[in-house]
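Below is one structure; the comments refer to it alone.
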Amino acid sequence: MANGIVVFCFLALTFRAYLVVASDPKPLQDFCVADPTSSARVNGVPCKDPLLAQATDFAFSGLHIAGNTSNPVGSKVTPVGITQLPGLNTLGISLVRIDYAPWGINPPHTHPRATEVITVLEGSLFVGFVTSNPDNRLISKVIYKGDVFVFPIGLVHFQQNVGNVKAVAIAGLSSQNPGVIPIANTVFGSNPSIGNDVLAKAFQVDKTIIDQIQGKF
Ligand SMILES: *[C@@H]1O[C@H](CO)[C@@H](O)[C@H](O)[C@H]1NC(C)=O
């Protein structure tokens, strides 16, 4: 009996912890249209007066427009988060369009606050994520038009267009503000930079190689 209560409490606590970390906090009102002009500091963005909310606060146009992929990685993410769609504030969800030039990549990165589910509209993508320590297993697959793949919250993931034509994807994220941590930019392009002695030892290469990579970010 006592054991049963202990197990129940353990499960209840575990489930509660899971709810806390798996998505944004749930709203306590119908909506909270973001008011970026407010100087209040809260976990999220303060709400504008609900009586002043308009349909335009809940709408965004332009996701049919292809992003410009003329850059070194050959991809462009067009986000629809609270900045673009203020009505998303507190709702725990957002969207992106990703365009890929032929053989373009969306480089390895992670979203600290969101799981991402992606679907291919055009072309074919090699997609993958890497599990955390100690396995660091790459779970990857080529996906085609109409296919869906999920990148679990926090894990490093990437996409590569594996075709000679452009590719387009749409992805949903389980946060109004998923955040993005591109591995290369954060490690080699921080400001101020992480010392090349630290990175040379971390990556087990010569400092000149680190200097060369840092020069690109
Ligand atoms: C795309 O980006 C490149 C590089 O920044 C720029 O030169 C080019 O004009 C852009 N193309 C369009 C259509 O905006």
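Key figures
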read-out: Efficiency of FRET between PHE58 and VAL205 - r from beta-carbon atoms, R0 45 angstrom, step 0.05; value: 0.35
read-out: Computed accessible area, THR186, all protein chains, 1.4 angstrom probe, square angstrom; value: 60 Å²
read-out: Whole-number percent relative contact order across the chain, with pairs defined as alpha carbons under 8 Å at least 6 apart; value: 20 percent
read-out: Hydrodynamic radius by Kirkwood, which averages 1/r over all alpha carbon pairs of the chain, in angstrom; value: 19.9 Å
read-out: Helix runs (DSSP H) in the chain reaching 24 Å along axis by Cα, Kyte-Doolittle at least -0.5; value: 2-22
read-out: Tensor-based shape of the range 50-179 (alpha-carbon gyration tensor, a/c under 1.5 rounded, otherwise prolate or oblate); value: oblate
read-out: 3J(HN,Hα) from dihedral phi, the range 123-133, Karplus parametrisation 6.51/-1.76/1.60, rounded to Hz, x for glycine, proline; value: x, 9, 10, 8, 10, x, 9, 10, 6, 6, 4
read-out: Interchain or long-range residues, amide H under 5 Å from GLY154's placed H; value: HIS111, ALA114
read-out: 21 Å Cα-Cα reach of LYS207 towards lysines, excluding residues that sit fewer than 8 places from it in its own chain; value: LYS216
read-out: Solvent-accessible surface ranking, highest first, for VAL45, VAL168 at 1.4 angstrom; value: VAL45, VAL168
read-out: Ranking by accessible area, most exposed first, for ASP135, ASP211 with a 1.4 Å probe; value: ASP135, ASP211
read-out: Mean separation of Cα contacts under 8 Å, 6 or more apart, over the residue count of the range 50-179: relative contact order %; value: 32 percent
read-out: Heavy atoms of GLU122 accessible to a 1.4 Å probe, total area in Å² rounded to 10; value: 80 Å²
read-out: Principal axis dimensions, the range 141-185 - Cα atoms, whole angstrom, descending; value: 31, 24, 17
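The values are calculated or read from the model by the stated rules, or taken from the named source; none is laboratory data. Source: prediction; values computed, not measured. In this analysis, Cβ positions are derived from the backbone assuming ideal geometry, glycine residues included, and neighbour counts consider all displayed protein chains. The area values use the complete protein model at the heavy-atom level, side chains included, leaving out ligands, DNA and RNA. Shrake-Rupley method; radii C 1.70, N 1.55, O 1.52, S 1.80 Å.
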